[in-house]
Structure formats: C-alpha cells, structure tokens
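Here is the structure we will look at.
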Amino acid sequence: MKKFVSPLLRPENRFGLLGALLLTVIAAMSVLAPLIAPYDPFQRSGLPFEKPGPEHLLGCNDVGHDLLSELLYGGRVSLTIGLFAAFYATAVAVIVALIAGYFGGPLDRLLMRVVDVVMSLPFLPLVIVLGVFLGPGMGTQILVISLVMWASPCRELRSQVIKTRNNGYIDAARAMGEKPFKIILRHALPDLMPLIVPQFVLVAQSAILIESSLSFLGLGDPVSKSWGSMLFFANTRAAFLTGAWVYWVLPPGLCIALACLSFSLIGFALSGKRSLEYFPYGSFTRPPKPPCGGKEAPRIPLEVCDISVCYKSGQDECLAVCGASLELGNREVLGIVGESGCGKTTLAMTVLGLLRHPAELSGGSVFIKGTNVLFGADMKILRLRGKTAAFVPQNAMNTLNPVLSVRKQLLEAIRIHRKLPREEEAGELDRLLGFVGIDPARKDAYNHELSGGMKQRVVIAMALANNPDILIADEPTTGLDVLVQKSILDLLMDLKDQLGLSVILITHDLPLAMNYSDKLAVMYRGKLVDYGPIEAVSRHPAHFHTWDLFNNFPRLDQAKIWDRPPAETADGGALEVRALSKTFYPRRGLFGKSGAPVPAVRRLSFTVRPGEVLGLIGGSGSGKTTVSRLIAGLERPDSGEILLDGQSLLRLPREERRRAAKKIHLVFQDPYQSMRNSMTLFDILKEPLIIGKDYTKDEMRERIHAALEDVHLPHSELFLRRTPRELSGGQRQRLAFARAVLAEPRYIIADEPTSMLDVSLRQELLKLMEELRSRYRMGFLFITHDLSLAYHFCDRLMVMKEGAVVENAQAQDLIRYPLHSYTRRLIAAVETPGALTAADAPEGLPLRLAVGQGRNLSL
C-alpha cells in the first residue's frame, strides 16, 4: 500500500520515456540523413580503409565510402523494414484473432492449429529457407518477417477477443440484430487497441533484429544501405583482418542494439496497460503518520477507528466514508447494510488497504489482530490479505479469469500462502468445491461455462482457501436464489463455528443480515447512522433510514401491488415457445463432441402475450438465463420452436431472423457488463437506431431524448456525454431500458434486472417496467430468483428446476397454494424482516412518513 505517485514518475513510464527519446533521436537522424550526411553513401569520398578523422568521422570502408553516411542512410532502411514488417504482421495477427476469437467453434480451432504450426517451426531455419526461396530484396525481408512474426501476438490478442466476446454489450448488439462484422468493428476492435499497440512495438523490435540477421546473411537488398548490410560487407571484405572492424562493425551494431533497446523500453511501458486510467489497488493517499499512534493495539480480530475516506477529482470532492468506527469480535458476525453508494464497499476496501486513486484516507486507523494495517509495512499487509483477512468482492461474476479453469484459479489462491503436496492439493480442491455446493467434476470448467451463481460460489471457495480468521464478504449472495443464499450463508456460519471465523457481511438484503448477524451497522450517505446488537437496532432504530429499510421490503403476505385484470392481457399475437431443449457439452474435440453433456433446458413450453408479465423463477443454474439467450438468438436450441405471432424464428433465413429479432429485446442481468465503459451514453443509445434503420443525427437525438424521459433520466447534452462508469447501478439499468424503448420491441426479456440493486432501486425499476408495459403494450418475460418481486410484479409464474418447468400457475395461486415440493422450499426460504409500527419510528420522524409511506408498508 503506497502513496499515490504521478504516472510520469512511475519506473515503467520513465523507461518508456527514455525509449521514446532514444527512438526519436535515431528516427530523426535517419529521416534527416540527406541533409546531415556529409557525403553520398554510394559515392567514393575517401581512401579505402581510411581511418576516422576530421573529414570522415567514422572512416571509410574498403572502397572509400563514408561509413557515417552509410550509418545514417542505413537507419532509414532498417527502420522502414522493421516498421512495415511489424505493421503487416500485427495486421494479420489482429484479423486472425478477431475472426477466431469472435466466431469460435471449428473456425477458431482450425486457425489456432495453424498458429501452433507456425510457432512450432524452427525460427531461424524457416527465415533462411524463405529468404533463399524468395530471393534477396527489401520486399522479401518484409514478407519473411511478417510470415514468421504474426503467430505469437495473434494468440495473445485472441485471448482478449474471447474475453470481450463474453461481455454483455457484445451480446446486447447481437440480440438487437447487428451484423457480426459491425460488432467486431464497433466493439471488439476498440477493446483490442490497448493490446495492439504494445504488440506492434514488440514485433517492430524483433523485426529490426531479423532484418539485420537476413542482411548479414546476404538475403537483404544488395543495392540498399542498411545496418545489416554494413555488417555483411564488413564480414566479407576482411574488416576483422585489417583492424577496421572498430569503426566499421561497432557503430551499426550499436545502432541495432539501441533501436531494439528503445522498442523494448517502450514495450515494457505499454505492456500490461489496458487504459490510461489504470490505478493499482492500494494506490490511495494516506496521512504520513498514524492519527491514533498512541492507541493501544486491541485484542479483538478487527477494530475500525474513526475512518474517513474521500474521493477527489479536480476541484470536486466526495466524502464516501465519514468517521466510521466499529468492532468485530471473535466468532462474531457483523452485518453492514445500506443502499447503493452509501460507502459499504469503500469501508471494506479501506479495512484491507485496497482503495484506489483518487481515494484519500483523511483520518482513522484499522487494526487487524493488533496490527495497524494502514500504516504497516507492505509485505506484512500482503501476508495478512488472503490469509488472516480474506475478501469476497462484490462483483464476483467478473472476478474469475476467463482463460483459466476453476482448478488453476483455486490452486493459485492456495499456493500464495500454503505449500501442499500434489496429492493434498487435489483433496483440498474437492473439499473447497464441496463446501460451496459445486460438483468436484466441474473443477476443469471455465468462467463462461458456469452460471452466475456458480461463479460466485467459486469466488467464495477462493476466499476460504487459506482458512482465514476474518472474512469480509461484500454482497456474497448477489445473483443467487434463496435456497443457495441460505446454503452459502449456512456454510459460512458453520465455518465460523468450526474455525473460529469472524465475518463482516456487507449486503443490501436486510433479512439476510438480520438472520445471520450478531450486530448490525446501518450506513447512510457515508455515515454509520445505526450500530449495535440486532435486537436493539431492529426494535429501536435511531435513524429514519433504518426505519425505512425495515418497512420497504415487498412481502409475500401482502396483497399484490400490481394486480392486473385478466382482460388486460388478452391482446392479439403472442411469443410462443414449444418444447425447447438445449444441452451443453463442456469440451469439444477437433472432430466432434466430447465430455459429459449438461442439459440446460428440457422441453420448455410457454406463451407470453402483449401486455402480459410472465415470471420465470428458479435456482441458480436451473436454465433461466439459457432460456433468455435461446429466445434472443444468442444460442441455438437443439430442438423445439420459437414462434413470434405464429412465425417460426428458427426457420427464417439469417437476415430475416435478425429483423424479426428486433421485436424481442433482452435486458441483461449485470448492468456493469451490458454497456461498454469507453462509450458515451449517446453512442450506447443510438446503437439500436443505427441497426438496420436510417435516421439523421437530429432524429436520433430527438428519439433518445424521448426514451430518456420515458425512463426518468436527464437528457441534457452534458448527461449524454457521460460514460457508464459515471452512473450508479440503478441508473445503468434505467439506461438499459431506455435502449430497449429505442429498439421498439413487442417483448422484453428481463434477465435478473434487479439482482444487483438495493431494495429501493428494485421497486423504482419495477415501477418503470410497469409504466413501459402499460404505455407500449409490451409483454415481459421477467426472470428472477426473488420470489417476493415476482409475486408482486408478474401475472403468471413458472418454476424451473434442472432445466424443466415443475409448476406453472397464476402468481397469487402459486404463492398461496404451491403444489410442487421445490416451490414450497423456495417460498419457505424467503426471509422477510418484521415490519415496524409508527411507535417504533425514531424521534423526529414526520408522522406522515411513519404511517403513510405507501402501499408497500405493513403496519
């Protein structure tokens, strides 16, 4: 954990500046050679083997050509060949990587085998054979270097394309009917640019070295001057025998070394950078000395003492945490609740010293096992993280590495702090996966092969890998169904009892915090407004926000909020699914399928009419998201039919299928992945307008303004110039629905749109969806694991288990009279906090708020 250092002062950037300066000097001298060279390098200007002197600073070669002039002109040829060869090799690598990474499947496997073959061939013999076969010349050198250098960068670039392809904004463009090559140009290629530049630099370095080698072997252009040809003629014309090698061989050799060094330094500075705004964890500003220097180290696992954190950007300052103090005892569970943006995650990152620039710690101390971690030595903090104090990050769905299997990532977590024999490592893997409810047979699965719930379980297993004393879990059950939530938290409680674990449970799910915590801390606008034992806080809240949290939960024992009459859903047309099935095969060989099949959807059938809301509920991994992807055209079913107004979408030609797909819009589960952070809001919203339609810029702006008004977002030019990273989770989901309005669909598939939002934002989003439904007569397929929200918002409910529907009924009937045992288990697992009465309201709360906050209250 270090004080923030200006980017220009970082070692890698200083090396990069040095490399850029060297390359600029070499390139300038080469470009200006006709002006600064003392003689024509092709004309005799001195005596053969003339030694360096005032007239010839580097002397002359065996025919009297000035060596300094040859050196200056030689840089032009060497740099030209190096840069052109690097350009062509990088271009081929980018094209192949984009095609293989985006389309995948057999095409990807075929292209990667070609890459493997090129990389496996012996490098230098291949270069020589190609050079001899094609004949000497500058064009030959560029072609040969390009042919042998494209494969290595292609493999790395392909990995990034695969990662990009799995992002939500790529799926969003595909679901809206955009053509593949336009998606590649609009999304995949811009995401690849931060990697293309360092790859080009590194290839250019190698290309200059190869050009010199080819010229030295006589395979260069015999009539041009280059550094390599100077070495070739020095070798063949007895420079080493006459003593002329000192001024004939060393200067071009030194220029080759300096050019390669300059490219290496630039490549070192650029490699690993993904954007200009990257700041490592721990790069926050802190006071020079502990503010509580004389405080006696506490004996409890964790004490937070008067922590204050602010974020500074230019003249703006945002106080994220203000004077927070709390304690965590042995075997104790502390629940921290509050709405999005109240400072919960900032407080957790402060405890572990993982804040990023521009965060500034303006005061306070954190003691872990008696060590002040904010002011201790860096290595001591590294030993504490992951071992003494472990962390489950909030956005676990994006934590896993897409190119590493679950096995490798768990082993990495174990090996950081422990050294186990191979046999024990295998047993430890099975034990950890068993803890979080994952079949050990799935340990070789990759990120994209797991459901959202399974990804979060893997992350929790990684946090538990080294048996920590303190576990900080930031929204650990986000995206999980109620049964899995209960099993995961029951597991954490069992581990707490078995291992003496102390747990901080950060969540916006108040029932979970109440059910599993010993103490409760309520945060509001950066402050701890309520703190104490669960009973004290729940019975006598000290702040109106605490009281509001207890009374703002939709409940299964209430009357439905949106109870629509049946006649309202009886309109013409329908989205119909008949006997839909899909099976995944975890591994595919080059010539066919292999691996144990995983049935995701089994003979699913249902109908959604315009203006109707059909809820699809079930556990994590039950196939709900697969259903949404099948209907949106992102996956192809093994069997079954998808009918839109009686027309089979699966039987349509590709172009007609894309046009028909625009009537069905998919809103994704993760608002942080469904939009590209580098795009402005205007560019994101205009995407559905430019797919297959012809609007002027003014017409686009007018429609975008209207859509933003529909979802209650501002439509000023300043707002439209913002990027998604400047929006909260709730604003991002509203923006996703604005994009849906612009696509003018008849049906919206909302895949867990509220799973990453707090309670108040969930209800606001449902009200927005109801407005859109009633205004545009849209049909909704509402996919969720939140039974309470599904009960209040949906007309009908379907319960999925292991890819099949086990129960289907009107929402009110299904909740009150469940028939299937799995449905009854889901309902029984729903936790609801006890509602407070007006007498429990904190002193000073207006009476109208205490007794009339709306129809959601149960007083």
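Identify the chymotrypsin sites (Phe, Trp or Tyr not before Pro) of region 8-86 meeting these criteria: DSSP loop state and at most 14 other C-beta atoms within 10 Å of the C-beta. The partial results should precede the final answer.
Details: sites: F15, Y39, F42, F49, Y73, F84; in loops: Y39, F42, F49.
Here the chymotrypsin sites (Phe, Trp or Tyr not before Pro) that fit, given the DSSP loop and packing criteria, are F42.
Each residue of region 796-812 is assigned a 3J(HN,Hα), and the resulting list reads 10, 10, 10, 9, 10, 9, 6, x, 10, 7, 9, 7, 8, 6, 4, 4, 5 Hz, derived from the Karplus form 6.51 cos²θ - 1.76 cosθ + 1.60 (θ = phi - 60°), x at Gly and Pro.
Its residue count N fixes a reference of 2.2 N^0.38 Å for region 95-202, and the Cα radius of gyration divided by that reference is 1.27.
Based on the reciprocal of the average 1/r between different C-alpha atoms, the Kirkwood radius for the chain equals 31.0 Å. Length available on full extension from F87 to V117: 0.36 nm per residue minus the Cα-Cα distance, which gives 8.6 nm. When you restrict to C-alpha pairs under 8 Å that are six or more residues apart and normalise by the size of region 644-773, the relative contact order lands at 38 percent.
Remark: spin-label model distance A257-N166 equals 4.5 nm, labels positioned 7 Å along the Cα→Cβ axis. Relative to the current alpha-carbon distance between Y695 and T607, full extension at 0.36 nm per residue lengthens the span by 28.3 nm. Our estimate of slack between M193 and Q43, defined as 0.36 nm per intervening residue step minus the Cα-Cα distance, is 49.5 nm.
Summarised as an ellipsoid, region 427-534 has semi-axes of 27, 16, 11 Å, derived from the eigenvalues of the Cα gyration tensor scaled by 5 and square-rooted, with the largest first. Taking the accessible area of region 426-530, probe 1.4 Å, and keeping the other protein chains in place, the carbon and sulfur fraction comes to 47%. According to the calculation over all Cα-Cα pairs in region 430-482, the P(r) per 10 Å bin from zero is 23, 56, 21, 0 %. With R₀ fixed at 56 Å, the C-beta to C-beta distance from N466 to A238 puts the FRET efficiency at about 0.25.
Once the 1.4 Å probe is applied to the protein heavy atoms, region 663-707 comes out at 41 Å² accessible per residue. Where only DSSP H runs of four or more residues are counted, the chain gives -14000 deg cm²/dmol as its mean residue ellipticity at 222 nm, each run worth -39500 (n - 2.57). Beyond 25 Å in Cα-Cα separation lie the following of the pairs K408/K455; K179/K443; K312/K697; K182/K686; K455/K767; K387/K496: K179/K443; K312/K697; K455/K767. If you look at the Cα atoms of region 122-171, you get an Rg and a Dmax of 16.7, 50 Å.
Within the chain, antiparallel bridges make up roughly 55 percent of the DSSP beta bridges whose residues both belong there.
Expressed per residue, the C-alpha convex hull volume of region 747-806 stands at 88 Å³.
Measure off, as a whole percent, the carbon and sulfur share of the 1.4 Å-probe accessible area of region 636-691, all protein chains present. Roughly 45 percent of what the probe reaches on region 636-691 is carbon or sulfur. Based on alpha-carbon atoms, the Kirkwood radius and the radius of gyration of region 142-283 give Rg/Rh equal to 1.18. Once both labels are positioned 7 Å from their Cα atoms along Cα-to-Cβ, the gap between T24 and E771 label points is 5.3 nm. Could you compute the FRET efficiency for Q647 and I36, with r as their C-beta to C-beta distance and R0 at 60 Å, rounded to 0.05? Working from the Cβ atoms, E equals 0.25. Between T399 and R825, the modelled labels are 2.5 nm apart [label points 7 Å from Cα along Cα→Cβ].
Ranked by solvent-accessible area (1.4 Å probe, protein heavy atoms only, all chains present), the residues E303, E699 order from largest to smallest as E699, E303. For region 385-463, the fraction of C-alpha pairs more than 14 angstrom apart is 59%.
Taking every protein chain into account, the accessible area of region 711-758 amounts to 31 square angstrom per residue (probe 1.4 Å). Here the accessible area is traced with a 1.4 Å probe on the protein chains. For region 154-236, carbon and sulfur cover 62 percent of it. Take the convex hull of the alpha carbons in region 322-457; its mean projected area over all directions comes to 10.4 nm². Here, region 450-513 is characterised by an Rg to Rh ratio of 0.93, where Rg is the alpha-carbon radius of gyration and Rh the Kirkwood radius.
The values are calculated or read from the model by the stated rules, or taken from the named source; none is laboratory data. Because the structure is predicted, anything quoted here is derived from the model rather than measured. Cβ coordinates were reconstructed from backbone atoms using ideal geometry, including for glycine residues, and neighbour counts include every protein chain displayed. When the accessible area is computed, the model is the full protein with side chains, heavy atoms only, and any ligands, DNA or RNA have been set aside. Shrake-Rupley method; radii C 1.70, N 1.55, O 1.52, S 1.80 Å.
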